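No lab work stands behind these numbers, since they all come straight from the coordinates. In this text the structure is predicted, and so the values were computed from the model without any measurement. Here the Cβ is made from the backbone with ideal geometry for all residues, glycine too, and neighbour counts use every protein chain on show.
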């Protein structure tokens with residue numbers, strides 16, 4: 001029994017290490033994509049990105065054009081993120097904030113390493129492709145439980161409180177960047193910045209679908225084990241209904257629960273691990289009345 005228990009602990013430990021390694025890899029890829037979007041598309045076209053990245057661009061341009069001081073976008077991004085990281089540590093969670101800090105750090109490094117090169121002289125192409133690449137980087141980073149820092153953390157907190165798409169808060173908060181860019185560098189730059197923000201917002205919401213709800217109906221003869229495993233990973237209520245197989249007359253139970261699409265991957269992994277023979281039906285949920293935990 002002791003050796004079996006030790007084997008199970010080792011298996012869980014290896015699985016945790018593998019998942020955390022994948023998350024770190026996603027964070028690094030997201031940071032590199034963000035840097036590529038900036039240095040190859042947005043900065044050469046003088047079009048601004050979303051969030052603190054765009055704010056760092058804006059401040060860098062203001063310092064370069066109106067003062068003798070120059071600070072790169074990467075360094076300013078790191079400085080601006082310090083208060084947001086502190087807020088994330090307090091309100092969102094320690095591990096989330098650690099990964100956010102990793103993301104900010106790798107983005108800063110990538111911005112300093114990747115040269116600023118004009119891929120295309122067409123400002124519209126730069127605005128669109130920069131928005132797409134940046135949105136993909138942010139979306140996947142958020143989907144894996146981290147953030148690119150700054151406004152991502154603030155938007156994540158607001159999304160949890162109000163159960164709305166993260167992209168909406170990005171769009172609202174970025175209005176200040178659009179207005180500032182328009183007044184300082186011309187309305188054309190502001191309009192192209194608006195294009196970038198819209199494209200990146202759509203990409204983020206397409207990938208990070210935390211606000212979308214699903215109903216899972218799990219038919220299993222190991223309901224106690226499945227319920228315990230779910231509650232260890234997800235903070236969700238479960239309704240258990242008696243069920244019986246039509247062909248075998250075997251007594252079973254059906255677990256009914258509502259989750260976010262963001263949690264579907266974790267739920268599938270749990271069910272497959274505890275009862276690979278369980279029958280699970282996933283249904284799109286159009287609305288919920290009653291308590292549904294958001295701050296999980």
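How do 89, 18 rank when sorted from fewest to most other Cβ atoms within 10 Å of their own Cβ?
18, 89
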For segment 213-285, place one equal point scatterer on every Cα, skip the solvent, and apply the Debye formula. What is log10 of I(q)/I(0) at q = 0.20, 0.27 Å⁻¹?
-0.78, -1.38
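Cut-off is 10 Å between beta-carbons; in what order do 173, 151 appear when sorted fewest neighbours first? Present the calculation step by step, with values, prior to reporting the outcome.
On the way: 173 19, 151 25.
Result, fewest neighbours first: 173, 151.
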Calculate the FRET efficiency for residue 71 and residue 179 from the Cβ-Cβ distance with a Förster distance of 25 Å, rounded to the nearest 0.05.
0.65
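Ranked highest first by the average count of other Cβ atoms within 10 Å around their residues, in what order do 238-251, 38-51 fall?
Details: 238-251: 10.8, 38-51: 25.8.
Going from most to least packed, we get 38-51, 238-251.
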In nanometres, the difference between 0.36 nm per residue of separation and the alpha-carbon distance of residue 87 and residue 286 is 68.4 nm
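How do 58-65, 76-83, 189-196, 281-288 rank on mean C-beta neighbours within 10 Å, highest first? Please report the intermediate quantities before stating the final value.
On the way: 58-65: 15.9, 76-83: 19.8, 189-196: 21.8, 281-288: 10.6.
Result, highest mean first: 189-196, 76-83, 58-65, 281-288.
Where does each of 129-136, 216-223 land if you order them by average Cβ count within 10 Å, highest first?
Put in order of decreasing packing, that is 129-136, 216-223.
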